[in-house]
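Asker: Mind having a look at this structure? Questions to follow.
The values are calculated or read from the model by the stated rules, or taken from the named source; none is laboratory data. No experiment lies behind these values; they were computed from the predicted model shown. So basically every Cβ, Gly included, is an ideal-geometry build from the backbone, and we count neighbours across all protein chains shown. For accessibility, only protein heavy atoms count, side chains too; no ligands or nucleic acids. Shrake-Rupley method; radii C 1.70, N 1.55, O 1.52, S 1.80 Å.
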Amino acid sequence: MADHGMKLTLKIWRQKGPKDAGKLVDYPVTDVSPDMSFLEMLDVLNEQLVMKGEEPVAFDHDCREGICGMCSLYINGRAHGPQTGITTCQLHMRSFNDGDTIYIEPWRAEAFPVIKDLVVDRSAFDRIIQAGGYISVNTGAAQDANCLPVNKKDADAAFSAAMCIGCGACVATCKNASAMLFVSAKVSQLALLPQGRIEAEERVLNMVQQMDVEGFGNCTNTGACEVECPKGISLQNIARLNREYLSAALMSEK
Amino acid sequence: MSVSIVRKVAMALSGFFLLSFLLLHVSINLLSVCCPAAFDSASHFMGTFWLIQFVMQPVLAFGVVFHLVLGFILELKNRSSRPVKYAFSNAAASSTWMSRNMIITGVMVLLFLGLHFYDFWFPELNVKYMQGDMSGLVEGTDRFRYWEELHHKFQDPIRVGLYVLAFVFLGLHLMHGFQSAFQSVGFNHRRYTPIIKKLSNIYAIVVPLGFVIVAVYHFLAQ
């Protein structure tokens, strides 16, 4: 394979720690198979760096099958690279050509500070969920399906919203670093179902408040988040979040 | 106004108001092309009727200032939300130029407003409220002055060029603004949103084109 592997030049963001200024560093990498995932390609680079006695590149990853939302990376100017509807672990090197130069940067947002190299702190999302992205009432054991009728359309929309894996691509790609697509998915998946309606008002007020506290930007409807979301979360969720917020803000007696 | 969604909705509502104003403005302007007498009567009515002068005009001024101040606040907030920029960004892959550059097209429209006020609004205020001439007539005649003043302004090719350029920026601003305002107030529907997007493009082309036609017509008809 060594004879047939791709040769690439990687421009990777290196940053020793949160306080370090950081810079782009060029790395030539060889022996890259077109069938490798992007993360496997970085594994190959890190092996080569370790062999040379250099510090390997730190990057986030976990399940490597597109369901955990850990892998991030802004690749050649796009969240999760040049394809749509996938995470970085689902991006394969056949999407690139032999001899290519590839820019690899961390998610950039005030609310997502860099921890090291390509790893960012996405705990702002956790704090938004803690502010209301749950149901605290006891919903009991599973009942007969017909006890609690749910419109198929709403069930489908709730399920689509629940596809969000909280990877942060929406924030990374938004020119305003806005977290509206994430928050709207988390609000929608509960607001659409009867169990979620009970706390819907408080939930949306608290989650939006936390979103603003974290320093995310304000949505200007560019629609970039929807295009880059690996799970295809729709802008309809943001419209629903706006509706939910407005009605809660106007009707709330708090 | 401290909540991001409230700012977004306020931006949309002031935008809707300005959209309706533009429609009125272009309609009256187009009268100057087809029917000068009707244009004069409409201009005189708009310029002297108390409800328009002392209620709607201040509301409009407030709407414009509100929209632009909020626009700058949003821009500053959004810039600070990404203090370290990407070294390489391919933003065109996921969004339109219009949607990303509302501040640029907005500032161009604002600069145009400066010229437009200098050309029409300030002289109008001067004649009516400084000199106290509410007659709307050319001095010493019984002819209305509005059509003639408009016609004179557009003799200058540089002014016509600047106006046409400004209307291109206005069109780009409206192309995103119109449809975006619906999303901001929470309206996104599988069936109607594609229609709104088409209407947005039609509005963003037809209304500025109407203004362009007026400017170019008067230039050519000298």
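Asker: Test of understanding: among A:C147, A:C164, A:C170, A:C89, which residue is without any contact (Cβ under 8 Å) to a residue 60 or more places away in the chain and buried (at least 16 other Cβ atoms within 10 Å of the Cβ)?
Answerer: None of the other options fit; the residue is A:C89.
Asker: Moving on to the next point. Looking only at region A:15-38, filter to residues that are part of a strand (DSSP E or B) and under 25 Å from the mean Cα position of the chain (by Cα); which one of those is farthest from the other protein chains (Cβ to nearest Cβ)?
Answerer: A:S37
Asker: On the basis of being among the hydroxyl-bearing types (S, T, Y), open to solvent by 10 Å² or more (accessible area, probe 1.4 Å) and more than 24 Å from B:G71 (Cα to Cα), does A:S188 make the cut? Show your work before the answer.
Answerer: On the way: among the hydroxyl-bearing types (S, T, Y): yes; open to solvent by 10 Å² or more (accessible area, probe 1.4 Å): no; more than 24 Å from B:G71 (Cα to Cα): yes.
Criteria not met by A:S188.
Listed here are the residues, each with its yes/no results for (1) under 19 Å from A:A124 (Cβ atoms); (2) of a type in the set (D, E); (3) more than 7 Å from chain B (Cβ to nearest Cβ); (4) open to solvent by 10 Å² or more (accessible area, probe 1.4 Å).
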residue: A:V183; (1), (2), (3), (4): yes, no, yes, no
residue: A:V208; (1), (2), (3), (4): yes, no, no, no
residue: A:N218; (1), (2), (3), (4): yes, no, no, no
residue: A:L235; (1), (2), (3), (4): no, no, no, yes
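Asker: Residue pairs, Cβ under 8 Å, 6 or more apart or interchain, first in region B:80-93 and within 7 Å of chain A (Cβ to nearest Cβ) and closer than 18 Å to A:H80 by Cβ, second of a type outside the set (V, I, T) and assigned to a helix (DSSP H, G or I). List them.
Answerer: Partner pairs satisfying both residue conditions: B:A91/A:A224; B:A91/B:R100.
Here is a yes/no grid of residues against (1) farther than 23 Å from B:L170 by Cα; (2) open to solvent by 50 Å² or more (accessible area, probe 1.4 Å); (3) away from every other protein chain (no Cβ under 14 Å); (4) touching a Lys or Arg at 6+ places or on another chain (Cβ under 7 Å):
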position: B:D40; (1), (2), (3), (4): yes, no, yes, no
position: B:F49; (1), (2), (3), (4): yes, yes, yes, no
position: B:F54; (1), (2), (3), (4): yes, yes, yes, no
position: B:G63; (1), (2), (3), (4): no, no, yes, no
position: B:E75; (1), (2), (3), (4): no, no, no, no
position: B:S99; (1), (2), (3), (4): no, no, no, no
position: B:L110; (1), (2), (3), (4): no, yes, yes, no
position: B:H116; (1), (2), (3), (4): no, no, yes, no
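Asker: What do you reckon, is A:R243 open to solvent by 50 Å² or more (accessible area, probe 1.4 Å) and more than 8 Å from chain B (Cβ to nearest Cβ)? Talk me through it step by step, then tell me what you get.
Answerer: Working: open to solvent by 50 Å² or more (accessible area, probe 1.4 Å): yes; more than 8 Å from chain B (Cβ to nearest Cβ): no.
Taking the combined requirement at face value, the residue does not satisfy it.
Asker: Do you know which residues across region B:136-166 are open to solvent by 60 Å² or more (accessible area, probe 1.4 Å) and among the hydrophobic types (A, V, I, L, M, F, W, C)?
Answerer: Scanning region B:136-166 gives B:F144, B:I158, B:L162, B:L165.
Asker: Examine region A:54-77 for a residue that is open to solvent by 10 Å² or more (accessible area, probe 1.4 Å), within 14 Å of chain B (Cβ to nearest Cβ) and at pLDDT 95 or above, and state whether such a residue exists.
Answerer: Scanning region A:54-77 turns up at least one residue that is open to solvent by 10 Å² or more (accessible area, probe 1.4 Å), within 14 Å of chain B (Cβ to nearest Cβ) and at pLDDT 95 or above.
Asker: Scan region A:85-97 and give yes if some residue there is on the phi > 0 side of the Ramachandran plot and not assigned by TED's automatic domain parsing to the domain that holds A:C174, otherwise no.
Answerer: Restricting attention to region A:85-97, the residues satisfying the condition of being on the phi > 0 side of the Ramachandran plot are A:85.
With the extra rule that they be not assigned by TED's automatic domain parsing to the domain that holds A:C174, the set shrinks to A:85.
Among the residues of region A:85-97, at least one is on the phi > 0 side of the Ramachandran plot and not assigned by TED's automatic domain parsing to the domain that holds A:C174, which makes the answer yes.
Asker: Return the total of residues in region A:202-254 being in a loop (DSSP other than H, G, I, E, B) and at pLDDT below 95.
Answerer: Counting residues in region A:202-254 that are in a loop (DSSP other than H, G, I, E, B) and at pLDDT below 95 gives 3.
Asker: Taking B:N188 and the conditions (1) within 17 Å of the chain's Cα centre (by Cα); (2) open to solvent by 20 Å² or more (accessible area, probe 1.4 Å); (3) within 14 Å of chain A (Cβ to nearest Cβ); (4) not acidic (D, E), which numbered condition does it fall short on, given that it satisfies the others?
Answerer: The number of the failed condition is (1).
Asker: Out of (1) touching a Leu at 6+ places or on another chain (Cβ under 7 Å); (2) within 14 Å of chain B (Cβ to nearest Cβ); (3) over 20 Å from A:G5 (Cα atoms), the odd one out for A:I102 is which?
Answerer: So A:I102 meets the others, but not (3).
Asker: Considering only region B:20-36, I want to know if a residue exists there that is under 23 Å from B:G106 (Cα atoms) and among the small types (G, A, S).
Answerer: yes
Asker: Please name all residue pairs, on different chains or six or more residues apart, with Cβ atoms under 8 Å, provided the first residue is in region A:25-52 and is open to solvent by 30 Å² or more (accessible area, probe 1.4 Å) and the second residue is in a loop (DSSP other than H, G, I, E, B).
Answerer: A:T30/A:A2; A:T30/A:G5; A:D31/A:M1; A:D31/A:A2; A:D31/A:G5; A:V50/A:P56
Asker: While we're here: What tally of residues in region B:94-116 results from selecting those that are under 30 Å from A:H80 (Cβ atoms) and under 15 Å from the mean Cα position of the chain (by Cα)?
Answerer: Of the residues in that region, 4 qualify.
Asker: How about region B:1-94: which helices (runs of 4 or more DSSP H) wholly inside it have at least 2 residues that are more than 30 Å from A:I104 (Cβ to Cβ) and among the basic types (K, R)?
Answerer: Ranges flagged: B:4-34.
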